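**Q** Have a look at this one before I ask anything.
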Amino acid sequence: MSRSVRTRPEGSGQALSEAYDTALLDLDGVVYAGGSAIEHAVESLAAAREGGMRLAYVTNNALRTPDTVAGHLTELGIPTGAEDVITSAQAVARLISEQVPRGARVLVIGGEGLRVALRERGLEPVESADDDPVAVVQGYGGPDLPWGRFAEASYAVARGVPWFASNTDLTIPSGRGIAPGNGAAVEVVRIATGAEPQVAGKPLPPMHRETILRTGAQRPLVVGDRLDTDIEGAFNGEVDSLLVLTGVTDGAQLLAAPPQHRPTYVDADLRGMLGGQPDVVGAGEGAFRCGGWTARTGAERLELDGEGEALDGLRALCAAAWSAAGAGTCGLDGGKALARLGM
């Protein structure tokens with residue numbers, strides 16, 4: 001993938017599951033939501049796998065172990081082994097292991113996923129700042145993590161012990177709505193100490209490196225629903241990405257995306273992996289056509305004419321918005337155009 005500014009979604013005459021050897025799939029909002037499989041996910045992933053594409057599941061959630069995640073996916077009808085799951089706990093454990101001696105003690109503020117990942121790297125998890133840790137690691141520990149755990153982290157970090165975080169996502173989806181994520185917990189320790197952690201998870205390079213080391217992917221495709229983690233992570237790793245609209249990103253956010261948040265491809269759901277992608281072509285100054293739709297920039301808003309598949313209209317609008325924005329963010333109003341598409 002070129003690091004030049006992307007001005008339109010790309011087309012592909014080949015099915016994405018054939019053009020790329022490995023799919024690096026986010027979980028929440030892509031494969032499942034609220035514990036249940038998203039519509040079309042099970043059959044789409046099965047078809048991609050049967051066609052020879054490797055499937056790897058990449059999550060910033062450091063609470064659950066790869067075995068637990070694989071078990072959940074298998075129960076949903078997506079056969080998965082622990083070796084197919086890459087977590088931010090594994091990425092941060094590798095980051096720590098490269099900076100401290102084997103067998104070193106690490107203070108854990110989080111759940112079982114962190115402890116398993118640290119042991120895999122030959123490190124010893126401990127529970128107290130008084131256990132002489134050489135590092136502190138913080139990851140999502142679930143809604144019942146005691147407040148006193150943040151105090152333990154703060155005591156050690158204030159003494160100068162190096163501090164690591166699995167990820168800094170401020171929120172996490174739950175069956176009841178949006179809940180505070182590990183990033184919110186990291187802020188507690190940051191406020192108490194004034195320190196800054198080393199962070200491993202998406203969208204930062206340590207997480208991408210972990211996925212490549214564990215999968216051996218030669219031509220990976222990142223598949224996600226979040227612009228600021230999945231798509232930005234692909235941008236930082238200089239690989240292609242597919243945004244699916246089954247999660248948190250809506251049309252308005254996509255049109256306003258800065259360069260690092262612009263996906264290579266856009267589709268409704270995981271069925272987009274199984275086919276090609278339509279081309280978006282220039283149609284005059286400031287105008288772009290995809291399918292039966294033509295989008296252009298007006299004086300104050302994005303304009304859309306034509307008819308056809310709503311996704312083609314969205315792709316054309318992305319081209320108009322991103323081209324107008326260049327290396328910035330498009331400030332034109334796309335609300336009326338998106339409403340025509342039912343978005």
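**Q** Against the longest alpha carbon principal axis of the chain, how many degrees, from 0 to 90 and to the nearest 10, is the axis of helix 41-50 turned?
**A** Between the helix axis and the principal axis of the chain, the angle is about 90 degrees.
**Q** In a Gaussian network model over the chain where Cα atoms closer than 10 Å are linked, find which of I212, I96, I178 has the largest mean-square fluctuation.
**A** Result for the chain, Cα springs under 10 Å: I178 fluctuates most.
**Q** State which stretch of the chain is the longest one without any exposed trypsin sites (Lys or Arg not before Pro), exposure meaning a DSSP loop state and at most 15 other Cβ atoms within 10 Å. Can you show the working numbers first?
**A** Numbers: sites that count: R3, R102, R159, R176.
Of all site-free stretches, the longest is 177-343.
**Q** Could you run the Karplus curve 6.51 cos²θ - 1.76 cosθ + 1.60 with θ = phi - 60° over the stretch 115-125 and give me ³J(HN,Hα) per residue in whole Hz, x for Gly and Pro?
**A** My calculation for the stretch 115-125 gives 5, 4, 5, 5, 4, 4, 8, x, 10, 10, x Hz in order.
**Q** Compute the accessible area per residue over the stretch 130-170, keeping the other protein chains in place, probe 1.4 Å, unit Å². Don't skip to the answer; put the middle values down first.
**A** Numbers: 1910 Å² over 41 residues.
About 47 Å² of surface per residue is accessible.
**Q** When the chain is treated as a GNM, springs tying every alpha-carbon pair under 10 Å, which of N236, N61, N167 comes out with the largest mean-square fluctuation?
**A** N236
**Q** For the stretch 255-343, report the translational diffusion coefficient in µm²/s to the nearest whole number, using Stokes-Einstein at 37 °C, 0.692 mPa s, and a Kirkwood Rh over Cα pairs.
**A** Values: Rh = 13.0 Å.
Diffusion coefficient, whole number: 252 µm²/s.
**Q** Output the 0 to 90 degree angle, nearest 10, between the alpha-carbon long axis of helix 182-193 and the longest principal axis computed from the alpha carbons of the chain.
**A** It is inclined by approximately 50 degrees.
**Q** Can I ask one more? Give me the Å³ per residue figure for the convex hull around the C-alpha atoms of the stretch 1-54.
**A** On the way: hull volume 6.6 nm³, N = 54.
Looking at the stretch 1-54, the number lands at 123 Å³ per residue.
**Q** Taking the solvent-accessible surface of protein heavy atoms with a 1.4 Å probe, what is the per residue accessible area of the stretch 217-343 in Å²?
**A** Numbers: 4950 Å² over 127 residues.
Solvent-accessible surface per residue comes out at 39 Å².
**Q** To continue, here is another question. What is the percent carbon and sulfur in the accessible area of the chain, measuring with a 1.4 Å probe over the protein chains and ignoring ligands? Walk me through the numbers on the way to the answer.
**A** On the way: 6870 of 14150 Å².
About 49 percent, which is the carbon plus sulfur part of the accessible surface.
**Q** Here's another thing I want to ask about it. Per residue, what volume in Å³ does the Cα convex hull of the stretch 100-152 take up?
**A** Numbers: hull volume 3.3 nm³, N = 53.
Dividing the Cα hull volume of the stretch 100-152 by its residue count gives 62 Å³.
**Q** Per the Cauchy relation, a quarter of the hull surface: what is the mean projected area of the convex hull of the alpha carbons in the stretch 1-113, in nm²? Don't skip to the answer; put the middle values down first.
**A** Details: hull surface 40.3 nm².
That works out to 10.1 nm², a quarter of the Cα hull's surface.
**Q** List every residue whose amide H lies under 5 Å from the amide H of E309, counting only residues 5 or more places away in sequence or on a different chain, with H placed 1.01 Å from N in the peptide plane.
**A** Under 5 Å from the amide H of E309 lie the amide H atoms of G292, each far enough along the sequence or on another chain.
**Q** Take every DSSP beta bridge whose two residues both sit in the stretch 1-158, then give the antiparallel share in percent to the nearest 5. Show your work: numbers first, answer last.
**A** Details: 2 of 17 bridges.
Of the beta bridges lying entirely in the stretch 1-158, close to 10 percent run antiparallel.
**Q** Taking amide H positions as placed 1.01 Å from N in the peptide plane, with prolines and chain starts having none, which residues 5 or more places from N167, or on another chain, fall under 5 Å of its amide H?
**A** Under 5 Å from the amide H of N167 lie the amide H atoms of A200, G201, each far enough along the sequence or on another chain.
**Q** Hey, what's the stretch 23-74 come to in accessible area per residue, 1.4 Å probe, Å²? Show your work: numbers first, answer last.
**A** Numbers: 1810 Å² over 52 residues.
With the other protein chains kept in place, the stretch 23-74 gives 35 Å² per residue.
The values are calculated or read from the model by the stated rules, or taken from the named source; none is laboratory data. The structure presented is a predicted model; accordingly, all values stated were derived computationally and were not measured. Neighbour counts run over all protein chains shown; Cβ positions are idealised from the backbone, glycine included. Please note that ligands, DNA and RNA were not included when accessible areas were found on the heavy atoms of the full protein model with its side chains. Shrake-Rupley method; radii C 1.70, N 1.55, O 1.52, S 1.80 Å.
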